[in-house]
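Q: Shown below is the structure under consideration.
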Amino acid sequence: MSPSRLPGSRERDWENGSNASSPASVPEYTGERAWARLSIQHIIHNALSHCCLAGKVNEPQKNRILEEIEKSKANHFLILFRDSSCQFRALYTLSGETEELSRLAGYGPRTVTPAMVEGIYKYNSDRKRFTQIPAKTMSMSVDAFTIQGHLWQSKKPTTPKKGGSTPK
C-alpha cells in the first residue's frame, strides 16, 4: 500500500482528483497560528537554555522565565541584553499594534519604544549563539535586542564617608 493510500493521509489522490482524507474531517483554520507561537517559544527556550541562562547556577532564573512564557498570552518574545556581550537582563513581549515592548520578567525598563533600541539580534540554534543583524525595526525574525547605554539606571551616587576627625 502506498503512503498516499494510508488512512488519514493528506496527500492528493491524483487518479481520482481528490484528497485521500475527507475535507469534512479536517478542522477549519479559525484563529491565530498556534504553531508560530510554539516555534517562537521553542527558539526562546533554546536560547535561554543553551546560551543566555545555561548551566546549573542559572537554572532557578531560567525556570522562572520559562514559567512566565507559559502563562503569557503573547505571540512574540524578545530577550533584552545588557550590551553587545549578550548578557541576559530581561524578557519582553512585542505588541504588534504599538510596536512597544513590555517587560515580562527580569530587569530593565518597564516598556521599551523603538527609539530606545540600539542593537537587534537573531538566535542561531545551530551555533547556539546570537548574532547582530543589520536591521532598524522589530519584526518576527528578531529574538533579542539591546537598548542605548544611557537608559540603564546608573548606580546611586555614593555619599562621602564621615570622617572621625575634621580639620580645624
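The values are calculated or read from the model by the stated rules, or taken from the named source; none is laboratory data. Fair warning: this is a prediction, and the values are worked out from it, not measured in the lab. As a convention, Cβ positions derive from the backbone with ideal geometry for all residues, glycine included, and neighbour counts pool all protein chains shown.
Q: Looking at 102, 139, 165, which is the one that is modelled with pLDDT under 90, within 15 Å of residue 78 (Cα to Cα) and not basic (Lys, Arg)?
A: 139
Q: Could you tell me which of the residues 125, 84 is among the small types (Gly, Ala, Ser) and either surrounded by 13 or more Cβ atoms within 10 Å (Cβ to Cβ) or under 14 Å from residue 45 (Cα atoms) (or both)?
A: Selected residue: 125, the only one of 125, 84 that is among the small types (Gly, Ala, Ser) and either surrounded by 13 or more Cβ atoms within 10 Å (Cβ to Cβ) or under 14 Å from residue 45 (Cα atoms) (or both).
Q: Tell me which residues, restricted to segment 67-91, are over 16 Å from residue 39 (Cα atoms), touching a residue at least 24 places away in the same chain (Cβ under 8 Å) and of a type in the set (Ser, Thr, Tyr).
A: Scanning segment 67-91 gives a single hit, 84.
Every residue, every condition in (1) over 11 Å from the mean Cα position of the chain (by Cα); (2) of a type in the set (S, T, N, Q); (3) assigned to a loop (DSSP other than H, G, I, E, B), yes or no:
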{"residue": "41", "(1), (2), (3)": "no, yes, no"}
{"residue": "45", "(1), (2), (3)": "no, no, no"}
{"residue": "48", "(1), (2), (3)": "no, no, no"}
{"residue": "51", "(1), (2), (3)": "yes, no, no"}
{"residue": "54", "(1), (2), (3)": "yes, no, yes"}
{"residue": "57", "(1), (2), (3)": "yes, no, no"}
{"residue": "61", "(1), (2), (3)": "yes, yes, no"}
{"residue": "67", "(1), (2), (3)": "yes, no, no"}
{"residue": "75", "(1), (2), (3)": "no, yes, yes"}
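Q: Have a look at 146, 131 and point out the one that is within 20 Å of the chain's Cα centre (by Cα), modelled with pLDDT of 90 or more and surrounded by 13 or more Cβ atoms within 10 Å (Cβ to Cβ). Give the steps one after another, and end with the answer.
A: Numbers: 131 fails: surrounded by 13 or more Cβ atoms within 10 Å (Cβ to Cβ).
Of 146, 131, the one residue that is within 20 Å of the chain's Cα centre (by Cα), modelled with pLDDT of 90 or more and surrounded by 13 or more Cβ atoms within 10 Å (Cβ to Cβ) is 146.
Q: Just to be sure I understand, how many residues within segment 101-120 are free of Cβ contacts under 8 Å to residues at least 24 places away in the same chain, in a loop (DSSP other than H, G, I, E, B) and closer than 25 Å to residue 61 by Cβ?
A: 2
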